Amino acid sequence: MSHVRAKLAELGLELPIAAKPIAAYVPAVRTGNLVFTAGQLPLVDGKISLTGKVGGAVTVEQAKELAQICALNCLGAVATVADVDDIVKIVRVVGYVNGVAGFVNQPAVVNGVSELFLHIWGDVGKHARSAVGIAELPMDSPVEVELTVELRS
């Protein structure tokens, strides 16, 4: 079992197969030793289990769990162009949080991503990050995440 899959299994998680894009783009692009993912929604079997705005119908804890699903989907997207065990650095995470007016706790939601990557990679999982509040997301998703990773040359 690969390192990444083993670490995910410790948490009762598994690496998903990348979702098919819902528009004219690809899940991930590799250039040199970097991979950039498209924004990933918290899709499981093609569906989002919980929709709506964070701070309204969706709690911060629920959104944090959805952000973790987005992170897994980002890794699935990376796997379309590279072996996830070749990741040597999580470079950047951008999390978009669909919150109610006045919601300002985006970092707590995006911590679902950061904590997962720290569990898998330790210090290599430390990354630059943006946690952005947004008025709406596709499919009424509470959260969307994109990822940039560095690969072994």
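All of the numbers you see were taken from the coordinates with simple rules; none came from a lab. Owing to the predicted nature of the structure, the values given are computational and were not obtained by experimental measurement. Glycine gets a Cβ as well: all are built from the backbone with ideal geometry, and neighbour counts include every protein chain shown.
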Please list, in chain and number order, the residues 5+ apart from Leu34 or on another chain whose amide H is under 5 Å from its amide H, with Hs placed from the backbone. Leu151
Would you mind counting up the charge near Glu14? Only other residues with Cβ under 12 Å from its Cβ, with Lys and Arg at +1 and Asp and Glu at -1. +1
The base-10 log of I(q)/I(0) that the Debye equation returns for the chain at q = 0.09, 0.17, 0.20 Å⁻¹, one scatterer per C-alpha, is -0.25, -0.91, -1.24
Determine, for Met1, Met139, the number of other Cβ atoms within 10 Å of each Cβ, and report the residues in order from fewest to most. Met1, Met139
From fewest to most C-beta neighbours within 10 Å, the residues Lys64, Lys47 line up as Lys47, Lys64
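Once you keep just the Cα pairs under 8 angstrom separated by 6 or more residues, what percentage relative contact order results for the chain?
Values: 318 pairs, mean separation 51.6, N = 153.
About 34 percent, as a whole number.
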Rounded to the nearest 5, what % of the DSSP beta bridges within the chain are antiparallel ones? 70 percent
Return the calculated 222 nm mean residue ellipticity for the chain, to the nearest 500 deg cm²/dmol, obtained by summing -39500 (n - 2.57) across DSSP H runs with n ≥ 4 and dividing by the residue count. -9000 deg cm²/dmol
Can you tell me which of Ala108, Ala135, Ala77 moves the most in a GNM of the chain? Springs connect C-alpha atoms under 10 Å apart. Ala135
Taking Cα atoms only, helix 106-121 is inclined relative to the longest principal axis of the chain by an angle, in degrees rounded to 10, of 20 degrees
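Distance check, please: which entries in Lys7/Lys89; Lys53/Lys126; Lys53/Lys89 exceed 21 angstrom between their Cα atoms?
Over 21 Å apart, Cα to Cα: Lys53/Lys126; Lys53/Lys89.
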Angle, helix 60-78 long axis vs. longest principal axis of the chain, Cα atoms, 0 to 90°, nearest 10? 30 degrees
Could you list the chymotrypsin sites (Phe, Trp or Tyr not before Pro) in the stretch 1-107 that lie in coil according to DSSP, counting only those with at most 16 other Cβ atoms within 10 Å of their Cβ? Tyr25
What FRET efficiency comes out for Glu136 versus Ser49 if R0 is 30 angstrom and r is the Cβ-Cβ distance? Round to the nearest 0.05. 0.95
Can you put Val145, Val4 in order, fewest other beta carbons within 10 Å first? Val4, Val145
I need the GluC sites (Glu not before Pro) found in the stretch 109-149, filtered to DSSP loop residues with at most 14 other beta carbons within 10 Å of theirs. Glu136
